[in-house]
Amino acid sequence: MLTARLMEAGWQVLSPIADERHRSAETLVAANDPPALVAALAQQKVLVTEKPQGIRVSTDFFNNEDDIERLVTALKTTNH
């Protein structure tokens, strides 16, 4: 669901998505200005990790669809 929602919102997913065997709980998303994006998301209480080519979104057992929607909504308020 995470990768589908990110792509629907216009974000480029850098993590392998074609083969389910290579998927993980970490998704790498391209961003023009990773530090600014991480800071903007943090202001909205959405925590991601800065990477040279974008941001890393890590999900775990306790995340749900509402968390993904909150991330996508927060990303929509930023410039990418």
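The values are calculated or read from the model by the stated rules, or taken from the named source; none is laboratory data. Only a predicted model underlies this, so the values are computations on that prediction, with no experimental measurement involved. Counting neighbours? That spans all protein chains shown, and the Cβs are built from the backbone with ideal geometry, glycine included.
Taking the condition polar (S, T, N, Q) and out of contact with any strand residue (DSSP E or B) (no Cβ under 9 Å at 6 or more places or on another chain), does residue 53 pass? Full working, then the answer.
Values: polar (S, T, N, Q): yes; out of contact with any strand residue (DSSP E or B) (no Cβ under 9 Å at 6 or more places or on another chain): no.
Judged against the criteria, residue 53 is not a match.
Would you mention how many residues in segment 32-62 are within 13 Å of the chain's Cα centre (by Cα) and either assigned to a loop (DSSP other than H, G, I, E, B) or in contact (Cβ under 8 Å) with a residue 40 or more places away in the chain (or both)?
8
Starting from residues that are loosely packed, with under 13 Cβ neighbours inside 10 Å and at pLDDT 90 or above, keep the ones in segment 1-32 and report whichever is nearest to residue 50 (Cα to Cα).
Here the answer is 32.
Hey, does segment 54-63 have a residue that's modelled with pLDDT of 90 or more and surrounded by fewer than 16 Cβ atoms within 10 Å (Cβ to Cβ)? Can you show your working first?
Here is the first cut: in segment 54-63, the residues modelled with pLDDT of 90 or more are 54-57.
With the extra rule that they be surrounded by fewer than 16 Cβ atoms within 10 Å (Cβ to Cβ), the set shrinks to none.
No, the conditions are met nowhere in segment 54-63.
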